[in-house]
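Following: one structure in structure tokens, then a few remarks.
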Amino acid sequence: MKVYRAIADLDLDRTKSIALVPTMGAFHEGHLHLMREARKLANLVVVSLFVNPTQFRAGEDFEKYPRDEAGDFELADSVGVDAMFAPSVEEVYPAKTTKVHVGGLSESWEGAHRPGHFDGVATVVAKLFNICRPDFAVFGWKDFQQCRVIQSMVEGLNFPVALHFEPTVREADGLALSSRNRYLSSQERVVAPLLYATLCRVASDVRGASDEGEVSRFIDAGRRELTAAGFVLDYFEMVDSATLDAVRSVESWNRLIVAGRLGSTRLIDNISLFEHAE
């Protein structure tokens with residue numbers, strides 16, 4: 001595996017198809033799954049490792065975000081990654097004069113609770129697409145709203161890249177894999193899987209609801225359960241997958257989304273309303 005630090009040195013073989021997996025490092029099995037899937041799509045697999053400062057607000061965890069570059073390089077090499085692009089902040093942002101804003105989809109939920117977050121995401125992904133020029137890019141559905149924002153950006157700016165989204169990889173107890181999980185204390189780690197369990201239970205209840213009022217009651221019950229367990233919720237909602245608008249109709253394209261803090265750790269998750277329907 002070749003490691004590149006400078007854009008000018010990124011000498012990828014353009015005669016081969018290229019799949020890009022954008023990451024912020026601190027790799028876990030979820031990242032490795034994306035890399036393996038990228039290998040199925042293209043001749044060359046490129047992983048970017050860049051903790052992007054523009055998607056963090058003041059007071060968030062940019063400085064303490066988990067970093068283990070040597071370990072990440074070893075893991076990526078073990079699954080057959082061909083090239084690692086690991087630039088400095090100065091290399092990616094020699095001048096912060098341009099940003100990409102995706103209207104609509106970027107302004108609710110995560111966007112409302114983390115103003116400017118999706119401008120940072122869209123800008124860095126656009127830059128990575130222009131730098132690496134991939135034929136394919138692979139992301140995970142765990143960051144559902146991020147995936148929708150990137151889809152909208154690619155369509156709106158006519159990026160010649162095919163997007164592939166992979167299901168959330170989970171621990172045996174259901175907790176979605178995340179680099180931030182390592183912030184959890186041992187007690188919090190016991191409680192954290194309730195986030196996914198509650199999503200699943202509420203989805204099952206909603207599927208059997210008789211009317212929209214009952215749907216609202218089931219969603220409210222999910223909020224109360226998580227709050228009682230110690231979560232400080234930013235949102236727990238059912239949304240239309242296309243528009244991200246809050247909805248109460250029982251449709252196959254709806255998703256349940258959640259974000260909140262358990263102790264000092266902010267966790268997010270989501271499932272399709274019919275993800276476990278028989």
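Structure values in brief
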| read-out | value |
| --- | --- |
| Residue identified as in contact with a Lys or Arg (Cβ under 6 Å, 6 or more places away or on another chain), farther than 22 Å from Val100 by Cβ and not aromatic (Phe, Trp, Tyr) among Leu12, Leu44 | Leu44 |
| Selected residue [surrounded by 19 or more Cβ atoms within 10 Å (Cβ to Cβ) and either closer than 23 Å to Gln151 by Cβ or in contact with a Phe, Trp or Tyr (Cβ under 9 Å, 6 or more places away or on another chain) (or both)] from Leu34, Leu41 | Leu34 |
| Filtered residue count, the stretch 165-203, keeping only those that are part of a helix (DSSP H, G or I), surrounded by 14 or more Cβ atoms within 10 Å (Cβ to Cβ) and among the hydroxyl-bearing types (Ser, Thr, Tyr) | 4 |
| Verdict on Ala95 being assigned to a loop (DSSP other than H, G, I, E, B), among the hydrophobic types (A, V, I, L, M, F, W, C) and either surrounded by fewer than 18 Cβ atoms within 10 Å (Cβ to Cβ) or without any contact (Cβ under 8 Å) to a residue 24 or more places away in the chain (or both) | yes |
| Residue in the stretch 100-122 that is surrounded by the most Cβ atoms within 10 Å (Cβ to Cβ), counting only those that are in contact with a Ser or Thr (Cβ under 9 Å, 6 or more places away or on another chain) and part of a loop (DSSP other than H, G, I, E, B) | Ser106 |
| Checklist (1) over 27 Å from Met35 (Cα atoms); (2) in a loop (DSSP other than H, G, I, E, B) applied to Pro134, failing item | (1) |
| Meets criteria (in contact with a Lys or Arg (Cβ under 7 Å, 6 or more places away or on another chain), outside any strand (DSSP E or B) and surrounded by fewer than 17 Cβ atoms within 10 Å (Cβ to Cβ)) for Gly59 | no |
| All strands (runs of 3 or more DSSP E) inside the stretch 212-278 with 3 or more residues being of a type in the set (Val, Ile, Thr) and within 19 Å of the chain's Cα centre (by Cα) | 265-272 |
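Read-outs: derived from the displayed coordinates by stated rules, not from any lab. Not measured: the values here are computed from a predicted model. Positions of Cβ are generated from backbone atoms using ideal geometry, with glycine treated the same way; all protein chains shown enter the neighbour counts.
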